[in-house]
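Enquirer: Okay, handing you the structure first.
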Amino acid sequence: MAGRYLLAPFSELPPLQEDQVYLHDLIGMKAVSATGEKPRHCDDVLRAAKNHARHQHSRGSVLIPYRLKIIVRTDIDARTILINDTLASWTLWAARSSAC
């Protein structure tokens, strides 16, 4: 079944484990930086670029890899994604995303 999509109503999706999240749940979440940068919102999740979530802000788009060393915590109830931006700044991610 590689390269195919499996569609199911949200109500029929299995419950997630503690450390899991559905990609559609990320959309609309507030992306908060560990260093206090202005929060952004996740407006889309790109599957074409492996492990990247796209966060929209007023100066353009920022691609942030959805990886353990960068995503500190995703809180579905609070609708927040805590980003470890000590590895790179929002500005650097924005520069990389404009080059893609």
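Here's the yes/no breakdown for (1) buried (at least 17 other Cβ atoms within 10 Å of the Cβ); (2) acidic (Asp, Glu); (3) in a helix (DSSP H, G or I); (4) at pLDDT below 55:
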{"site": "45", "(1), (2), (3), (4)": "no, no, no, no"}
{"site": "53", "(1), (2), (3), (4)": "yes, no, no, no"}
{"site": "56", "(1), (2), (3), (4)": "no, no, no, yes"}
{"site": "68", "(1), (2), (3), (4)": "no, no, no, no"}
{"site": "86", "(1), (2), (3), (4)": "no, no, no, no"}
{"site": "96", "(1), (2), (3), (4)": "no, no, yes, yes"}
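Enquirer: Please specify each residue of segment 12-34 satisfying the condition of being assigned to a strand (DSSP E or B) and under 10 Å from the mean Cα position of the chain (by Cα). Give the steps one after another, and end with the answer.
Expert: Quick first cut of segment 12-34, residues assigned to a strand (DSSP E or B) only: 30-33.
Those that are assigned to a strand (DSSP E or B) and under 10 Å from the mean Cα position of the chain (by Cα): 30, 31.
The values are calculated or read from the model by the stated rules, or taken from the named source; none is laboratory data. These numbers were taken from a predicted model, which means no experiment stands behind them. As a convention, Cβ positions derive from the backbone with ideal geometry for all residues, glycine included, and neighbour counts pool all protein chains shown.
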